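Have a look at the structure below, then the notes.
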Amino acid sequence: GAIHQAAGPELKEACRKLGGAETGEAKLTKGYNLPAEYIIHTVGPVYRDGQHGEDQLLENCYRNSLEIAEEKHISSIAFPAISTGIYHYPAAEAAQIAIHTIIDYLADKKRDVKVTLVAFDERTAKLYKEIVQNSDKI
């Protein structure tokens, strides 16, 4: 809601034209009134019990978003903690998936992309920091 409000009414119309998206899929619109040139939209999974492919779907959100960024030669991308709000994905597990998917994806790329993980609370920020500090892939 905040993104739509800041971007302006053109974003709502652009999203309508996208025709929705499947869970794990990512699609691109302009940023309109935002300082970002583009918005990459992705549909995170609703967490049921971890036994319905939620981890793969969440991984797909990050990977598909990064693929769009690469195709458009986007040099920086910011991710919220996808699915950890109203979709109830456990924050610690979601943070592991996010960071390891991003690291694995970027390890094979020649271009530098700045990735920012946005945490809306201190607990999530702490999780991100701990995972990054303990990763042997960085």
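Hey, can you list the DSSP H helices of the chain whose Cα span along the axis is 20 Å or longer and whose average Kyte-Doolittle score is at least -0.5?
Those that pass (Cα extent of 20 Å or more, hydropathy at least -0.5) are 91-107.
Taking the Cα of Glu67, stepping 7 Å toward and past its beta carbon, and measuring to each backbone N in the range 89-113: which are under 20 Å?
Label zone hits: 97-113.
Using DSSP, restrict attention to beta bridges with both residues in the range 8-138 and report what percent are antiparallel, rounded to the nearest 5.
The answer is about 55 percent antiparallel.
Rounded to the nearest 20 debye, what is the charge dipole size of the range 1-130 about its Cα centre when +1 sits on each Lys and Arg Cβ and -1 on each Asp and Glu Cβ?
That gives a dipole near 400 debye.
With n ≥ 4 as the cut-off for DSSP H runs, can you work out [θ] at 222 nm for the chain, using -39500 (n - 2.57) per run divided by the number of residues, rounded to the nearest 500?
The per-residue figure over the chain is -14500 deg cm²/dmol.
Determine the principal axes of the Cα atoms in the range 16-62, then give the extent along each, sorted from largest to smallest and rounded to whole angstroms.
Sorted largest first, the three principal extents are 39, 21, 13 Å.
Using only alpha carbons, build the gyration tensor for the range 86-138 and give me the equivalent ellipsoid semi-axes, biggest first, whole Å.
In descending order the semi-axes read 21, 12, 11 Å.
Run the quick spin-label model on Phe120 and Ser76: label points 7 Å from Cα toward the beta carbon, then report their separation in nm to one decimal.
2.2
Using packing as a proxy for protection, rank 110-120, 20-30 so that the peptide with the highest average count of other Cβ atoms within 10 Å comes first.
Packing proxy ranking, top to bottom: 20-30, 110-120.
Given Lys17/Lys109; Lys72/Lys114; Lys27/Lys110, which pairs have Cα atoms separated by over 20 Å?
From the list (Lys17/Lys109; Lys72/Lys114; Lys27/Lys110), the Cα-Cα distance tops 20 Å for Lys17/Lys109; Lys27/Lys110.
For Asp112 and Glu37, calculate 0.36 nm times their separation in residues minus their Cα-Cα distance, and state this gained length in nm to one decimal.
25.2 nm
Charges at C-beta only: +1 for Lys and Arg, -1 for Asp and Glu. How large is the resulting dipole of the range 7-77 about its Cα centre, in Debye rounded to 20?
Taking the Cα centre of the range 7-77 as origin, the dipole is about 340 debye.
What ranking of Leu57, Leu127, Leu11 comes out by heavy-atom accessible area, probe 1.4 Å, highest first?
Leu57, Leu127, Leu11
The values are calculated or read from the model by the stated rules, or taken from the named source; none is laboratory data. The shown structure was predicted, so the numbers you read here are calculated from the model rather than taken from an experiment. For neighbour counting, all protein chains shown are included, and Cβ atoms are generated from backbone atoms with ideal geometry for every residue, glycine included. Note: accessible area is taken over every heavy atom of the protein model, side chains too, but ligands, DNA and RNA are not part of it. Shrake-Rupley method; radii C 1.70, N 1.55, O 1.52, S 1.80 Å.
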